[in-house]
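Read the structure below first, then the notes.
The values are calculated or read from the model by the stated rules, or taken from the named source; none is laboratory data. Worth saying up front: this structure is predicted, and the values here are computed from it rather than measured. All Cβ positions, glycine included, derive from the backbone under ideal geometry; neighbour counts span all protein chains shown. Calculation scope for accessible area: heavy atoms of the full protein, side chains included, ligands and nucleic acids excluded. Shrake-Rupley method; radii C 1.70, N 1.55, O 1.52, S 1.80 Å.
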Amino acid sequence: MGRKVLILTEVKDGKLRQVSLEALSVAQQIADGEEIIAALFGDDSTEILSEISLYGAHKLYTSTEASLSVYTTDAYTQALVQLIQEVGAEVVLMGHTGVGKDLAPRASARLGAGLVTDCTGVESVDGNVIFTRPIYAGKAFQKKSFKKGILFATLRANNFAVKESPVRTEIVSFQPTIKDLRTIVKEVVRKAVGGVDLSEAKVVVSGGRGVKGAEGFQTLQALADVLGGAVGASRGACDAEYCDYSMQIGQTGKVVTPDLYIACGISGAIQHVAGMSNSKVIVAINKDPEAPIFQLADYGIVGDLFEVVPLLTEECKKVLSEAAVSS
Amino acid sequence: MNILVLTKQTFDTEEKVSIQNGRISEEGVEFVINPYDEYAIEEAVRVKEKNGGEVTVLTVGPSRSENALRTALAMGADKAVRIEPGVGEYDEFSVAKWLAAAIRNRPFDLILGGNMAVDSGSGQVAVRVAEELDIAHVTSITKLVLVDRKAAVERDVEGDLEMIEVSLPVLVTAQQGLNEPRYPSLPGIMKAKKMPLEIISIADLGLSEEESQSRTMVVDQYLPVKKQAGRILQGDLNQQVYELAQLLRTEAKVV
């Protein structure tokens, strides 16, 4: 049994977010032949519109209403709720992003609907849609289904395959009525470094107390840059003020599931492990051969990260340039 | 100023998780205030210390969660309310309905909550409460400055910083970096032990069963597959690094 699915897609730095493509692919599975409707608020660049049509959206509602150019809860909630009602969506998907985390609970509450956040898996069983999500920051998992109402879900980046399915997408200009905005965004300060978002990064190079200081993180950044990844940290490194809390990975902090996680000078406390143990491949670099992180690592090097990481950066450069030549 | 704080008692983050009969086992587990809620309580107490007023902490949970409320009282909260959820299954939708119903008849200017609970990781309840009460919310805040009836708020958005202005009443959720929660003082702990707690049953809230019936349900809970211990590379360091880069390229295929 198919369901009409609405996906709120997001653009970041002029590009459609990877997790939005993943959400479109999940929509193909859930819709099962029913209509797939994408929404894009505050942007209508032709490039983005044509990209969305590659991933199975039958209709794309765009709105360049001025109050949607910067995300605010009130404006986006009003627009999304009006759109859901207008198209009669039965399932609403978005990324578990800054926007998704803020908007999905508000919009679902307004519609009296349930919401399953931070999903890493989806399946259809006897006409029910069941979402899988980590609990206790990945120390366990749960499967959740819906009893009634519209199905809202936010999807964690990097956990769903992107499936191309080019269709003719009908573009609809959407004009929501937006009023009574209660919050005003005064300014947005870009602090996130390196340009690769930690929660969506395919490679995460992470440092703990062993990094010894803010400068030590530059060593890790160099490796992350070569691999197109982002830099993360353990709570120990954040508490020691070597880096910003926004980089913290763990039970309090971000939970990441990259393809490759390189833990540098991280001992492997249970709280940190909870935030990264579901990474596909884990590499540990630590001076202490007894460090618990080695129990979890696919590959380990016992050594000083200040020696190992620069060598690894050079070696990865070589491997990548050889690969570029041979392809 | 009337300040409310939404809290939850969660597993200590050092606890291992085990499952018995499809449920998370609580046997022998150490419980704490959800770490993000500690920031919320601390901020509430600071706002009170600066502006005067009263801090009330609320939780939905079994009687064991009164320990978390006592800790909040010892940190400087004035009143504590526990909503007894009973035995049936419930979700974020239900909890938000209950909290909102318990709040509706109280005066409030500011509501604080944690960014998410470290057990469910859901991050929904506080925002849903704001919607139920028809007030604005700002999630994931790292700074809060109140001037008259306005709040200047900084929020963390994927590592970037957003500066927001909003009028009271407002609900905000606390992110790391907001403050450094204080340890309860010994006199505070002694005093908190004797303070009365208000206990509310779902029936007291005057909602129909239909109004707070959960929208979602858990169909299964399980532990992740245990990873096999991997390979510690051997030999000269240069050789190890060379081998690692090759393995990541050819065996793991992640570079």
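Matching residues to (1) farther than 25 Å from residue B:179 by Cβ; (2) within 12 Å of chain A (Cβ to nearest Cβ):
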{"position": "B:67", "(1), (2)": "no, no"}
{"position": "B:70", "(1), (2)": "no, no"}
{"position": "B:86", "(1), (2)": "yes, no"}
{"position": "B:89", "(1), (2)": "yes, yes"}
{"position": "B:100", "(1), (2)": "yes, yes"}
{"position": "B:103", "(1), (2)": "no, no"}
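On the given criteria, is residue B:77 more than 12 Å from every other protein chain (Cβ to nearest Cβ), part of a loop (DSSP other than H, G, I, E, B) and buried (at least 24 other Cβ atoms within 10 Å of the Cβ)? The answer is yes for residue B:77. For the range B:132-171, enumerate the residues that are closer than 21 Å to residue B:95 by Cβ and open to solvent by 30 Å² or more (accessible area, probe 1.4 Å). Those that are closer than 21 Å to residue B:95 by Cβ and open to solvent by 30 Å² or more (accessible area, probe 1.4 Å): B:132, B:134, B:169. State which residue is nearest to the other protein chains (Cβ to nearest Cβ) when the search covers only the range B:146-187 and only residues that are in a loop (DSSP other than H, G, I, E, B) and charged (D, E, K, R). Once the filter is applied, the top-ranked residue is B:158. Once the range B:208-222 is narrowed to residues that are more than 7 Å from chain A (Cβ to nearest Cβ) and open to solvent by 70 Å² or more (accessible area, probe 1.4 Å), the residue that is nearest to the chain's Cα centre (by Cα) is B:213. The criterion of at least 2 residues that are open to solvent by less than 30 Å² (accessible area, probe 1.4 Å) and within 11 Å of chain B (Cβ to nearest Cβ) is met, among strands (runs of 3 or more DSSP E) falling completely within the range A:79-178, by A:114-119, A:128-135, A:140-146, A:151-155. Would you mind stating whether residue B:43 is within 11 Å of chain A (Cβ to nearest Cβ) and touching a residue at least 12 places away in the same chain (Cβ under 8 Å)? When the stated conditions are applied, residue B:43 does not pass them. Does residue B:153 qualify as being modelled with pLDDT of 95 or more and touching a Ser or Thr at 6+ places or on another chain (Cβ under 9 Å)? Criteria met by residue B:153. So which residues in the range B:45-86 are of a type in the set (S, T, N, Q), farther than 13 Å from residue B:195 by Cα and touching a Lys or Arg at 6+ places or on another chain (Cβ under 7 Å)? B:59, B:65 - these are the residues of the range B:45-86 that are of a type in the set (S, T, N, Q), farther than 13 Å from residue B:195 by Cα and touching a Lys or Arg at 6+ places or on another chain (Cβ under 7 Å).
Inside the range B:94-121, residues that are open to solvent by less than 10 Å² (accessible area, probe 1.4 Å), in contact (Cβ under 8 Å) with a residue 60 or more places away in the chain and either of a type in the set (Asp, Glu) or closer than 21 Å to residue A:144 by Cα (or both) make up a count of 2. Just the residues that are surrounded by fewer than 21 Cβ atoms within 10 Å (Cβ to Cβ) and either β-branched (Val, Ile, Thr) or out of contact with any Pro (no Cβ under 9 Å at 6 or more places or on another chain) (or both), please, taken from the range A:42-61. If the condition is that a residue be surrounded by fewer than 21 Cβ atoms within 10 Å (Cβ to Cβ) and either β-branched (Val, Ile, Thr) or out of contact with any Pro (no Cβ under 9 Å at 6 or more places or on another chain) (or both), then A:42, A:43, A:44, A:45, A:46, A:47, A:48, A:49, A:50, A:51, A:58, A:59 are the ones that fit. Evaluating residue A:258 against the criteria (1) within 21 Å of residue B:156 (Cβ to Cβ); (2) at pLDDT 95 or above; (3) more than 9 Å from chain B (Cβ to nearest Cβ) leaves one unmet condition, (3). Do the conditions hold for residue A:230, that is, is it surrounded by fewer than 20 Cβ atoms within 10 Å (Cβ to Cβ), within 22 Å of residue A:320 (Cα to Cα) and hydrophobic (A, V, I, L, M, F, W, C)? No: the conditions fail for residue A:230. Hey, could you check the range B:3-18 for residues that are open to solvent by 50 Å² or more (accessible area, probe 1.4 Å) and touching a residue at least 40 places away in the same chain (Cβ under 8 Å) and say which is farthest from the other protein chains (Cβ to nearest Cβ)? Restricting to residues being open to solvent by 50 Å² or more (accessible area, probe 1.4 Å) and touching a residue at least 40 places away in the same chain (Cβ under 8 Å), the top hit is B:8. Could you figure out which of (1) open to solvent by 10 Å² or more (accessible area, probe 1.4 Å); (2) under 12 Å from the mean Cα position of the chain (by Cα) isn't true of residue B:124? Checking residue B:124 against (1) open to solvent by 10 Å² or more (accessible area, probe 1.4 Å); (2) under 12 Å from the mean Cα position of the chain (by Cα), the one that fails is (1).
Among residues that are modelled with pLDDT of 95 or more and in a helix (DSSP H, G or I), residue B:190 is included.
Just checking, does the range A:20-41 include any residue being touching a Pro at 6+ places or on another chain (Cβ under 9 Å) and open to solvent by 50 Å² or more (accessible area, probe 1.4 Å)? Checked against the condition, which is being touching a Pro at 6+ places or on another chain (Cβ under 9 Å) and open to solvent by 50 Å² or more (accessible area, probe 1.4 Å), the range A:20-41 yields no hits at all. Only helices (runs of 4 or more DSSP H) whose full extent lies in the range A:229-302 are considered here, and the ones with at least 1 residues that are within 15 Å of the chain's Cα centre (by Cα) are A:270-276.
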